[in-house]
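Here is the structure we will look at, set down as structure tokens.
The values are calculated or read from the model by the stated rules, or taken from the named source; none is laboratory data. The shown structure was predicted, so the numbers you read here are calculated from the model rather than taken from an experiment. Methodologically, a virtual Cβ is constructed for each residue, glycine included, from the backbone with ideal geometry; neighbour enumeration extends over all protein chains shown.
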Amino acid sequence: MNTIPKITSFILCLFMSSLVCANEDKTIQHVPEFSGGLNISQITACEKKYKDLCPIVNAKSPMEGIVQQESCIEKKMAGDKSCIQASKIRQLTSYAPTALKQYGPVTVFNTTSLADGVTTFYMVDAKGLLIELTTNLDLDKDNNYLALKKKYPNLTLTRFLHWTKVNEDLFPNSQLFFNNDQQLIFKQELRDGDCVACAVKGVAEVAYEFNSEGAFLRSTLLKVTALN
């Protein structure tokens, strides 16, 4: 994923918290087309419109059919200005959104990899920041993490979300504060290495914080829980 251009990053620093600017987190980028937030109904309508206009024809396998259809959708959608947000999501994440959910002025959506079915979550704030789940947190102040790290030296915070049952809703829980600031809380897995097959050893509850107007502030570790 592209990083924020230096000039854009500087301008954003004038309006955002110093923590975000200091980190220059590569999992965060400003997307002008997303400014003001995502229009879920328009994105959904665009995806349906072009899926209907791009039927699968004479495909030799299911995967070939999917690739054929996706290529058609992306080409046709790119020329439709009313579908600029849907098209941009595809461009930046390589996939269409699987599901989208609104949390006040903040939108959360996920995508699903065609190759291995891995689900990836993103957030879009009111200023047009596209935010991936972070793996760049200081976990050393959490005693449970330190105990796990001692036992598993390769312990890694990942973007994989922890689930306990098939088809579990992995969208975040929302915590709203008295000043209308909001936390979106994801349960990110701690694995013995950063890979799909690596064993899950714990769960980190990570809060992504937004102000009352929906602007991203920071990500914060809430707690680490060891798994048996």
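Quick notes on this one:
- Inside segment 105-128, residues that are assigned to a loop (DSSP other than H, G, I, E, B), of a type in the set (A, V, I, L, M) and either within 28 Å of Leu176 (Cβ to Cβ) or within 14 Å of the chain's Cα centre (by Cα) (or both) make up a count of 2.
For (1) within 20 Å of Thr107 (Cα to Cα); (2) modelled with pLDDT of 95 or more; (3) in contact with a strand residue (DSSP E or B) (Cβ under 6 Å, 6 or more places away or on another chain), each residue gets a yes or a no:
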{"position": "Glu168", "(1), (2), (3)": "yes, no, no"}
{"position": "Asp192", "(1), (2), (3)": "no, yes, yes"}
{"position": "Gly202", "(1), (2), (3)": "no, yes, yes"}
{"position": "Val206", "(1), (2), (3)": "yes, yes, yes"}
{"position": "Ser212", "(1), (2), (3)": "yes, yes, no"}
{"position": "Thr220", "(1), (2), (3)": "yes, yes, yes"}
{"position": "Ala226", "(1), (2), (3)": "no, yes, yes"}
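- Scan of segment 169-215 for residues that are within 30 Å of Gly36 (Cα to Cα), acidic (Asp, Glu) and within 18 Å of the chain's Cα centre (by Cα), ordered by number: Asp169, Glu205, Glu209
- Taken residue by residue, segment 129-145 has at least one member that is touching a strand residue (DSSP E or B) at 6+ places or on another chain (Cβ under 9 Å), hydroxyl-bearing (Ser, Thr, Tyr) and surrounded by fewer than 18 Cβ atoms within 10 Å (Cβ to Cβ).
- Within segment 82-95, residues that are more than 19 Å from Gly117 (Cα to Cα) sit with their Cβ atoms under 8 Å from residues that are among the acidic types (Asp, Glu) and part of a helix (DSSP H, G or I), at 6+ positions apart or across chains, in these pairs: Ile84/Glu33; Gln85/Glu33; Ala86/Glu47; Ser87/Glu74; Lys88/Glu33.
- Residues (surrounded by fewer than 15 Cβ atoms within 10 Å (Cβ to Cβ) and either of a type in the set (Asp, Glu) or in a helix (DSSP H, G or I) (or both)) located in segment 52-74: Asp52, Leu53, Pro62, Met63, Glu64, Ile66, Val67, Ser71
- Taken over segment 72-104, the criterion of being under 18 Å from Gln175 (Cα atoms) and either of a type in the set (Gly, Ala, Ser) or more than 16 Å from the chain's Cα centre (by Cα) (or both) is satisfied by Gly104 alone.
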